[in-house]
Amino acid sequence: MLDTAAICLVVTALLAYLNQRFIRLPTAIGVMAAALALSLALLGLDAVGLLENVRSYEESLLRSIDFSDVLLQGMLSLLLFAGALHVDLSRLRSYRWQILGLAVVGTVLSTLVVGFALWLALPWVGLSLGLLPCLLFGALISPTDPIAVLGILRSAGAPEDVEIVIAGESLFNDGVGVVLFALLLGMLASGDTPSLAGAATLLLREAVGGVLLGLALGYATFRLLRSIDQYQVEVLLTLAAVVGGYALAGHLHVSGPLAMVVAGLLIGNHGRALAMSDVTRHHVDLFWELVDEILNAVLFVLIGLEVVVIRFADGLAGAVVLALAVVLGARWLTVGLPVTLWPSGFRLPRGAGHVLTWGGLRGGISVALALSLPEGTVREVLVPLTYSIVVFSVLVQGLTIGRVVRETVCKPALAD
């Protein structure tokens, strides 16, 4: 395990260096593109009989890593907490209903739209999946990943209100998507279909329980931080709250992602303002910024490398194109269209619907959920579909979102 972790860190550091030195893309996008190019090059060399041992070693290394377990049980809690820690709660509160609607209602509707559309359309390309597997795909592909896009939005001069809505939606819809996925996966495994009331009760228990646990964790940590002034111990307390709190959420069967977001918001706002000295605040911020950057770099490198262990069956190219169109269409219907049709309700500038649609990047959580599926036909179809959409999302949407911002939000604003 130590050797595997060492190799992952060394590869990530080297690719991050190459990106910073020569490619100069945003870190998450750059290291993923470099890792993907490296893996594809090894696959090509292996196909012509060169460097077969290197390619085989990479494949065996990746198979020894449970990507789903590493992300969902390891990285996710730290990443969500770090992301929430630096979100301004007062700004978030001013858009709370818009964010809540997009994160909860939007994610549920997106799951349904993607699931039913794919179920009806896959036979057009010679594939057939049941409705429940298609809904599973909808649940795992609907959560968005804010990590790669926020820096680009800032560099493109995106308005702060658009930034806060995208960040808030992404932080909360991860938790909603994971709960929906777990519910649907349980139905697929058991063969039982719970009643609408039962499903709603389970969803509510997971979500509300996660929020309440996050409030309790955040408040308890706040009180501990307020009672001392030693930054080494206070950094350790925040780390313990995240790791211990996420483990506790699993035992209590409530949403760990939502608990981490709520705890991060509470500690990052009230904790930083009322319970930390300037020295402690500096070190806590620096620690979690480094954790965020390092884990995201490792995560996107792993996503890029994973291409060598994902099997793309013959005839899936048409399904990939179809699924990509369905996912983007669902994003527009459930997020972009409401924002465009009701600008006064969302209080966002003209063109924000296009930014929210194109800026809804998919990331590691979608890949992790797909890889957690049991072996079988469903997994063989959904894993390559998910991986292809995530790669397109990060590389194509991530690299062009800046232009979308400039041409749909900034330019009209300047014209006014």
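Just so you know, all these numbers are worked out from the coordinates, no wet-lab data involved. This structure is a prediction, so every number in the text was calculated from the model and none was measured. Note that we place each Cβ from the backbone using ideal geometry, even for glycine, and neighbour counts take in every protein chain shown.
Give the calculated FRET efficiency between Leu120 and Ser64 to the nearest 0.05, with a Förster radius of 30 Å applied to their Cβ-Cβ distance.
Values: r = 39 Å, r/R0 = 1.31.
The computed FRET efficiency comes out at 0.15.
In whole Å, what is the distance between the alpha-carbon centres of segment 235-274 and segment 292-371?
26 Å
What's the whole-number percent of alpha carbon pairs in segment 2-63 lying beyond 12 angstrom? If you can, show how the numbers build up before the last one.
On the way: 1330 of 1891 pairs.
Across segment 2-63, Cα pairs with separations above 12 Å total 70 percent.
Using Cβ counts within 10 Å as a stand-in for footprinting exposure, how do His253, His270 rank, fewest first? Can you show the working numbers first?
Working: His253 13, His270 16.
Final ranking by Cβ density, sparse to dense: His253, His270.
Full-extension gain between Ile7 and Leu40, please, as 0.36 nm times their residue separation minus the C-alpha to C-alpha distance.
The span from Ile7 to Leu40 would gain 10.0 nm if fully extended.
Consider the candidate values (i) 19.2; (ii) 21.5; (iii) 22.7; state which one is mean projected area of the Cα convex hull in nm² computed from the structure displayed.
(ii)
Can you pull the one-decimal nm distance between simple spin-label points at Arg91 and Leu337, each 7 Å off the Cα toward Cβ?
Computed distance between label sites Arg91 and Leu337 equals 3.0 nm.
Which FRET efficiency, nearest 0.05, do Glu375 and Leu236 yield, Cβ-Cβ r, R0 35 Å? Don't skip to the end; give the middle numbers.
Details: r = 40 Å, r/R0 = 1.15.
Efficiency, from the Cβ-Cβ distance: 0.30.
Which of Gly186, Gly138, Gly218 ends up with the largest GNM mean-square fluctuation for the chain, with Cα atoms connected below 10 Å?
Gly186
Say R0 is 25 Å: what FRET efficiency, to the nearest 0.05, do Val105 and Met187 get from their beta-carbon distance? Don't skip to the end; give the middle numbers.
Values: r = 21 Å, r/R0 = 0.84.
Between Val105 and Met187 the formula returns 0.75.
Going by how many other Cβ atoms sit within 10 Å of their own, how do His354, His86 line up, fewest first? Each step should come with its number before you reach the end.
Details: His354 19, His86 16.
In order of increasing Cβ crowding within 10 Å: His86, His354.
Give me the extension gain from Leu290 to Asn53: residue separation times 0.36 nm, minus the current Cα-Cα distance, reported in nm with one decimal. All intermediate terms of the calculation are to be shown ahead of the outcome.
On the way: separation 237, 0.36 × 237 = 85.32 nm, distance 3.46 nm.
That works out to 81.9 nm of additional length.
Mind giving me the nanometre distance, one decimal, between the label points for Val279 and Leu399, set 7 Å out from Cα along Cα→Cβ?
The answer from the label model is 4.7 nm.
Tell me, what HN-Hα J-couplings in whole Hz come from the Karplus equation 6.51 cos²θ - 1.76 cosθ + 1.60 at θ = phi - 60° for each residue of segment 216-230, using x for Gly and Pro?
With the stated coefficients, segment 216-230 comes to 5, 4, x, 5, 4, 5, 4, 5, 5, 4, 6, 8, 9, 9, 9 Hz.
Could you give the nm distance between label points at Ser344 and Ala199, where each point is 7 Å from its Cα heading toward the beta carbon?
Inter-label distance under the simple model: 3.5 nm.
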